[in-house]
Each structure stands twice: as structure tokens, then as C-alpha cells.
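As C-alpha cells, the structure follows; a few thoughts come after it.
The values are calculated or read from the model by the stated rules, or taken from the named source; none is laboratory data. The model shown is predicted, which means the values in this text are computed figures rather than measured ones. Cβ atoms come from the backbone with ideal geometry, glycine included; neighbour counts cover every protein chain shown. Ligands, DNA and RNA are stripped out before the accessible areas are found, and what is left, the full protein with its side chains, is counted by its heavy atoms. Shrake-Rupley method; radii C 1.70, N 1.55, O 1.52, S 1.80 Å.
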Amino acid sequence: MAERPVIRRCAIYTRKSSEEGLDQAYNSLAAQRDACTAYIASQKHEGWTLVPKAYDDGGFSGGNLQRPALEELMEDIRKGEIDIIVVYKIDRLTRSLADFAKLTEVLDRHNVSFVAVTQQFNTSTSMGRLTLNVLLSFAQFEREVAGERIRDKIAASKRRGMWMGGHPPLGYEVKARKLVVVPEEAKTVRHLFRRYLDLRSVQLLRRELDSSGTRSKRKVLQDGSVVGGVTFSRGALYTILKNPLYRGRIQHKGECFPGEHEPIIEEKLFSEVQRVLEQQGPGDEARRKLASPALLKGLVFDAQGERLQPTHCSKGRTKYRYYTSKSLLKEGRPQATSGFRVPAPDLEMIVIRSLAGHLRNQQWVAALIHSPRDLPPALQKAQGIAVDIERQPIINTGMIGDLVTRITMDKRNLHLRINRDRLVALLTGRHPEKTQSPLNSLPLEIDITSHLLRCGKQVRLVIDETGGQPDSDPHPRLVGEILRARRWFDALSSGEVPTIAALAQAEGVSASYISLKISLAFLAPDIVETIIDGMQPMSLTPERLKKACPLPASWEEQRALLLA
């Protein structure tokens with residue numbers, strides 16, 4: 001009686017670099033899987049059997065290993081659930097020799113082999129390994145040459161003035177791969193340029209557009225989400241006013257070339273706006289402030305009156321910023337008996353949110369205004385100032401330095417001192433009257449109850465629930481992203497939805513989008529708690545969270561990526 005063959009569990013891995021065509025009923029991933037399935041069936045006499053789990057990476061490059069399905073496959077290999085990896089071609093697994101060396105080390109450690117159904121070689125012999133390395137060398141070479149060819153094509157096309165893709169700016173739409181003027185949007189662009197020359201201030205222009213209800217260009221992305229259609233930020237206005245596209249030019253690596261599209265702004269008007277922008281640019285002192293990311297430099301003191309100085313340290317490519325007591329800098333932590341080393345993003349976020357939250361509190365603002373006639377415009381201006389303060393970490397408006405005169409901290413409290421006269425002048429548009437009561441010129445004070453909290457290996461500065469921060473609600477989009485990822489994972493793990501493709505069809509998004517964002521379901525618990533409490537750094541926006549996906553499996557790496 002013939003001996004029964006040993007069962008060899010085979011996993012099929014498929015990959016496609018772009019998302020193009022993935023929405024078709026029979027796409028490249030399905031074709032790869034069919035070829036691999038047929039090959040496994042032909043080896044049935046050897047005991048090969050297909051595991052039902054699918055490992056599909058649609059829309060992911062082979063130039064790195066940060067792919068959701070590949071990471072899941074490697075995790076299953078470590079658990080001992082896979083004996084053989086089957087791929088259509090070796091370049092579907094990786095196009096990098098260095099990455100392949102890392103994969104081979106893991107496969108050898110767990111006695112897992114792999115097969116490329118269209119490229120036959122035996123990795124158990126030296127000749128087979130040489131053949132594999134040659135194939136991978138050509139795969140990597142092909143990838144690099146393709147990248148150079150694409151970059152050269154883009155450069156050559158832009159020199160000819162061609163539009164090479166992306167979201168069209170306000171004033172244009174894309175038809176037949178060319179920019180075409182949208183008349184209504186073009187009127188808005190011309191208005192922006194002319195009003196800036198009249199006002200000579202981007203800040204005043206922003207507030208005027210905000211009060212008139214003018215909104216940015218609304219765009220619907222491939223995944224169905226909508227961006228734009230919101231008030232203009234100062235950064236967005238600067239981008240529009242400096243964009244040579246509006247004068248009929250295409251920019252590439254600092255050079256401008258005559259474009260094929262119709263200009264919206266006349267050359268004379270565009271040049272005049274650039275001249276005024278240059279004149280209105282920051283002076284030497286302001287440039288020095290812009291060069292420093294420490295928003296609270298010179299403002300933070302401890303209870304003994306010792307100043308906390310901006311410091312930083314680096315780990316790999318990650319930079320960690322702090323406000324550190326002079327005694328710690330001079331004596332070192334082992335010798336110092338007191339002092340603080342506070343994470344800079346946390347302290348800056350608490351100050352920004354507290355001040356912005358008070359400005360949104362109408363009762364708090366009304367107590368500063370003594371004339372009923374001034375109250376309605378002051379309340380409206382307070383909202384605009386709050387928005388400017390919240391944008392401080394992204395665009396250095398200098399607003400914090402204008403309003404906050406001193407920040408004092410101890411182990412349980414933060415104490416903010418605000419320049420009352422300066423704030424009233426900003427709200428009313430004029431300086432306080434000299435005849436007012438001297439009590440009205442006393443500085444404003446805001447007390448915040450806070451403490452240092454250890455999260456993993458990091459120390460965070462957080463606000464207590466009883467702290468004086470009126471605006472510490474969680475960011476709805478951040479919370480929504482996490483809840484959606486957990487809902488997707490629950491649906492897949494429970495079997496409610498059989499595959500990512502079926503889930504993508506039900507959600508109305510691409511499979512690669514779900515593969516990318518579902519890693520948010522495995523976010524470190526302390527990061528989730530920080531977001532739910534509304535205590536995340538100001539720099540942790542939904543856009544930054546999206547760019548960070550797929551997230552690393554290590555919670556420590558997640559903290560360094562999102563909370564630094």
C-alpha cells in the first residue's frame with residue numbers, strides 16, 4: 001500500500017502595484033490567483049493543499065515590505081500555519097534584493113519554501129539560489145528603470161507645458177487630460193488677486209472671504225470622500241497667490257515653462273501681487289521665530305521662576321521636542337533634585353486648545369467687552385482668532401506670543417497669563433480707553449489642572465477631567481476613522497463578510513483602501529484613549545493618520561510615528 005504524502009499547506013500571495021482595474025469583476029489579482037490555484041492542484045499528489053485565506057495586496061509597490069497582506073502572511077508563517085508560499089512571479093513577492101534577504105531569513109527559520117509558478121528553480125541548491133538572485137536583480141533593475149523613465153517623461157511633458165495630473169486648482173477642471181478654465185471659479189481667483197492688492201494682507205483677505213461665505217474648491221476623491229468646500233486658510237491663500245499656473249505657466253523643480261492651458265491672471269497683475277507678497281514677507285526677527293518650532297519659547301517657567309528652554313533629541317529619523325528646566329540641562333537628570341522635562345507637543349497643544357476654547361466661550365469674551373455695540377463683532381472676531389491660534393503649529397501666526405505673556409507650571413497645574421489690553425484691541429479693533437478702571441488692565445489668567453502621565457515608554461502631559469479647558473472634545477474624524485476600521489475588522493473576523501473585496505463592494509470603496517486603513521483597528525490602546533479624550537497632539541490630524549497607514553504592528557513604533 002502506497003504511503004500517503006505529507007500534507008503541505010500552500011498560501012497564495014498576489015500583488016498589483018496600481019489600483020487601476022481592481023474594480024473589475026476579473027482583475028489581475030484574480031488572474032494570478034487562478035494560475036497559482038491550478039499549479040497547487042497539479043501538485044496534489046505531493047500533498048499540496050490550498051489554505052482558504054487570501055493574501056491580496058492591490059495597489060501596493062513591490063519596492064518595500066509595508067503591505068498589509070504580506071505582513072499578515074508573515075505573521076501566519078511565524079504561527080506555523082503555512083508550509084509553502086505560491087506566487088505567480090517572484091517580483092510579485094518583492095522587487096528588492098535586500099527585502100528578499102529579510103524574507104528568506106524568516107522562511108528558513110520556519111522551514112517554509114516558496115514557488116513561482118512561471119519561473120521554475122530549486123532554492124535548495126546553490127545554482128537555484130544564484131538563479132533566484134539573478135531574477136531578483138533584474139526585477140529590481142526593471143523597477144528602477146521604470147521609475148527613471150516615468151520621471152523623465154514627466155519632466156519632458158512639463159517642459160512642453162502639459163498638465164501631468166493631480167487635483168486641478170481652483171479655477172480649472174481637467175478635460176481630455178488638459179486644464180480648462182471654469183468661469184465661475186476663475187472669477188473667484190481674480191477676486192482673490194485684486195482684493196489682496198487692495199488689502200495687502202493675507203490675514204485680512206482670509207477674514208473677508210470667511211465673512212462673505214467664499215469657500216475653497218470641493219473635490220470628490222476616488223474612495224468617495226470629499227475634501228475642500230471649507231473656509232480658506234492663510235496657507236491655501238498663499239499657495240493660490242504664488243501659483244504660476246494662473247499666469248499660464250507649468251512649474252517643475254523650481255523652473256516655469258509656458259503651459260498649454262489658458263491663463264486666468266494677467267501677467268501685470270500676477271507680478272504686482274508677487275512684489276507685494278515679497279514686501280509683506282517676514283523680517284529677520286520673524287524669520288528666526290519661524291525657523292524655531294518651539295511655539296512657547298521664552299514663555300514657560302516653573303513655580304520657582306526657572307525658565308524652561310526648548311530642547312530636542314533624535315532617535316533614528318524621529319525628533320522628540322521638550323521644554324526642559326535649566327537645572328536639568330546644567331546638572332543632568334541624576335544630579336538634579338527638581339525641574340521639568342515636558343513633551344513640547346503636549347504643552348503647546350494644551351495651551352492652544354485652552355486659549356482657543358476660551359475664545360469660543362461667548363460668556364468669557366463678553367466679560368471683556370464693555371460696550372454693547374462692540375459685542376457682536378467682537379464675538380465674531382474671537383472665533384477667527386481661535387481658528388488662527390489652532391493653526392499656529394502649522395502656520396506660525398505669532399498669535400500665541402502676542403497674547404500669552406507667561407506660562408507657569410508645577411506638578412499639578414498650568415497657569416496662563418494673557419495680555420488683556422492686547423486681546424481687547426484685537427477683538428474691538430481699537431485700544432482700550434485710558435479712562436477705564438485700572439482693574440480692567442490687569443492681565444487675564446487661565447488655570448488648567450494637568451499632570452504628567454506615562455504611556456508605554458513615553459511621558460505625556462495631560463489635562464485632568466476637572467481642568468479648565470472648555471474645548472477638549474475628541475476630534476470626530478479621528479474617532480470615526482478608528483471606529484470604521486474596527487467595524488471592518490469585526491465584520492471580516494466574524495465571517496459576516498467573507499473577503500475584503502466583498503467588504504469593499506458593500507462600503508463603496510476599493511479593496512486596497514480597506515487594506516490600507518484597517519490597520520487602525522490595531523492602534524495602541526493608549527493612543528486610542530488619547531484620541532477619545534481629545535488629548536492627541538495638534539499635529540495628529542486625519543490627514544496625517546491616513547498617510548501613516550498601514551500602521552506598524554509595534555505599539556512603540558506607532559507612538560513614535562503618531563505622538564512625536
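Computed 3J(HN,Hα) for the stretch 410-423, one whole-Hz value per residue from the Karplus formula 6.51 cos²θ - 1.76 cosθ + 1.60 where θ = phi - 60°, is 10, 5, 10, 9, 10, 10, 9, 10, 10, 6, 4, 4, 5, 5, glycine and proline marked x. Calculated accessible area for the stretch 53-106 comes out at 37 Å² per residue, all protein chains present (probe 1.4 Å; ligands, DNA, RNA ignored).
Using a 1.4 angstrom probe, figure out how much accessible area the stretch 9-51 has per residue, in square angstrom, rounded to the nearest whole. Kindly include the intermediate steps, with their values, before the conclusion.
Numbers: 2260 Å² over 43 residues.
That works out to 52 Å² for each residue.
Within the accessible area of the stretch 486-561, what % is carbon and sulfur when the probe is 1.4 Å and the other protein chains stay in place? Answer for the stretch 486-561: carbon and sulfur cover 58 percent of the accessible area. Each residue of the stretch 302-309 is assigned a 3J(HN,Hα), and the resulting list reads 8, 5, 8, x, 7, 6, 9, 9 Hz, derived from the Karplus form 6.51 cos²θ - 1.76 cosθ + 1.60 (θ = phi - 60°), x at Gly and Pro. The listed peptides 545-556, 56-67, ordered by packing as a protection proxy, come out as 56-67, 545-556 (highest mean of other Cβ atoms within 10 Å first). Accessible area per residue for the stretch 494-564, computed on protein heavy atoms with a 1.4 Å probe, is 43 Å². Accessible surface comparison of 226, 497, probe 1.4 Å, protein chains only, largest first: the order is 226, 497.
Quick check: at a probe of 1.4 Å, how many percent of the accessible area of the stretch 16-55 sits on carbon and sulfur atoms? Provide the component values of the computation, followed by the final result.
On the way: 1330 of 2430 Å².
Summing carbon and sulfur atoms, their accessible area is 55 percent of the total for the stretch 16-55.
Ignoring lysines fewer than eight residues from residue 326 along the same chain, the ones with Cα atoms less than 24 angstrom from its Cα are 289, 297, 315, 411, 457.
The phi torsions of the stretch 39-54, fed into the Karplus equation with coefficients 6.51, -1.76 and 1.60 and a -60° offset, translate into couplings of 5, 4, 4, 6, 9, 4, 5, 8, x, 6, 9, 7, 7, x, 5, 9 Hz, rounded to whole numbers, with Gly and Pro shown as x. Rolling a 1.4 angstrom probe over the stretch 138-182 with all protein chains present gives an accessible area of which 54% lies on carbon and sulfur atoms. For residue 78 and residue 425, the difference between the fully extended length at 0.36 nm per residue and the C-alpha to C-alpha distance is 118.4 nm.
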